[in-house]
Amino acid sequence: MPKTGTTVSLPAQSTYQSRIADYWNAEENPVNLELGKIDDLYHHHYGVGDVEWSVLDETDPVRRQQRVTAELHRLEHAQAELLAAHLGPLTPADRVFDAGCGRGGGSVVAHQRYGCRTDGVTLSTKQADFANAQARARGIDDKVRYHHRNMLDTGLPTGEYAASWNNESTMYVELDLLFAEHARLLRRGGRYVVITGCYNDTYGQASREVSLINAHYICDIHPRSEYFRAMARHRLVPVHVEDLTAATIPYWELRSTAEHLVTGIEETFLSAYKNGSFQYLLIAADRV
């Protein structure tokens, strides 16, 4: 037992979060890295939109791989642009927060669109270092910065952010803790946006497919209803909700053909989306 008055040093992250950090520090998945090499925009999420299926007509195997990779990256970039479009209106004077920033692509997209200052946070030192190197290479490191911090307790200043978001990172944390931190960081009227996979709790408990996705990514996918309940508890009022499930299925159908990129989880995602037990959702909410 510590003596009375002694300050106890607590870890910045839980044991579970340390496991997640270890996972991403070791991760070298081609589906993340090869796509990013196309234009040095590295996205750690999935894609939306209509596929240009003619890429599969390419007869040269090397060229076919290149075209499929480029098409998947185009769809992932379209998803990042869709999220960024819901953050505004923003100005270069505004500051925004990217929770679970990965290798940094989303923060760059937001900066390119609005000229705003961006703080990205990740549990992975490797990702933060990589993303900061990319910002320096682009000459935007005075505006776009990445930090090795916990998105649940960032230490960033209260009320200084005009917008914030999570792009496929909410399944690694408790929603109440997460939304409390976003509400603290956002100024009144600030905009929060999330794109996430969630399980459809009108079907009951999480399906077998959702459980397999959880095991694959060491995560805990939340039910759809909990997003709205937790937002209401933390002064985040939805102003736009969009079901992107139909828009993401073509991405997964194309990805399942990419032998050089598949991870083994593609058919599980497709089955979950098509049987209705899993949904891909965008929610934009204002901080009141």
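The values are calculated or read from the model by the stated rules, or taken from the named source; none is laboratory data. In this text, all values refer to a predicted model and were calculated from it rather than measured experimentally. Reconstructed Cβ throughout: ideal geometry from the backbone, glycine too, with neighbour counts over all protein chains shown. All accessible areas refer to the heavy atoms of the entire protein, side chains included, with ligands and DNA or RNA removed. Shrake-Rupley method; radii C 1.70, N 1.55, O 1.52, S 1.80 Å.
General observations
- Residues of segment 207-226 satisfying the condition of being open to solvent by 20 Å² or more (accessible area, probe 1.4 Å) and assigned to a helix (DSSP H, G or I): ARG208, GLU209, SER211, LEU212, ASN214, ALA215, HIS216, TYR217, ARG224, SER225, GLU226
- Scanning segment 197-206 for residues that are open to solvent by 20 Å² or more (accessible area, probe 1.4 Å) and more than 16 Å from ARG229 (Cα to Cα) returns TYR203, GLY204, GLN205, ALA206.
- Only one entry in ALA162, ALA84, ALA133, ALA110 is modelled with pLDDT of 95 or more and surrounded by fewer than 18 Cβ atoms within 10 Å (Cβ to Cβ), namely ALA133.
- The residue list LEU10, LEU35, LEU72 contains one member that is at pLDDT below 90 and buried (at least 19 other Cβ atoms within 10 Å of the Cβ), which is LEU35.
- Any hit, segment 13-21, residues being modelled with pLDDT under 85 and hydrophobic (A, V, I, L, M, F, W, C): no
- Residue list for segment 172-196, restricted to those being in a helix (DSSP H, G or I) and either modelled with pLDDT under 95 or open to solvent by 20 Å² or more (accessible area, probe 1.4 Å) (or both): TYR172, ASP176, LEU177, ALA180, ARG184
- Restricting segment 143-155 to residues that are open to solvent by 10 Å² or more (accessible area, probe 1.4 Å) and under 14 Å from GLU181 (Cβ atoms) leaves a set whose member that is farthest from the chain's Cα centre (by Cα) is GLY155.
- When segment 237-264 is filtered for residues that are crowded, with 19+ Cβ neighbours inside 10 Å and touching a helix residue (DSSP H, G or I) at 6+ places or on another chain (Cβ under 6 Å), the ones remaining, listed by number, are TYR251, TRP252, ARG255, ALA258, LEU261.
- Test: ARG229 is in contact (Cβ under 8 Å) with a residue 24 or more places away in the chain and open to solvent by 10 Å² or more (accessible area, probe 1.4 Å): no
- Where a residue in segment 205-226 is under 16 Å from LEU175 (Cα atoms) and free of Cβ contacts under 8 Å to residues at least 40 places away in the same chain and its partner, wherever it lies, is outside any loop (DSSP other than H, G, I, E, B) and open to solvent by 40 Å² or more (accessible area, probe 1.4 Å), with Cβ under 6 Å and at least six apart: PRO223/ASP201; SER225/ASP201
- Among residues of segment 262-279 that are of a type in the set (D, E, K, R), those with a beta-carbon under 8 Å from a residue that is open to solvent by 20 Å² or more (accessible area, probe 1.4 Å) and modelled with pLDDT of 95 or more at least six positions away or on a different chain give the pairs GLU266/SER256; GLU267/SER256; LYS274/ILE249.
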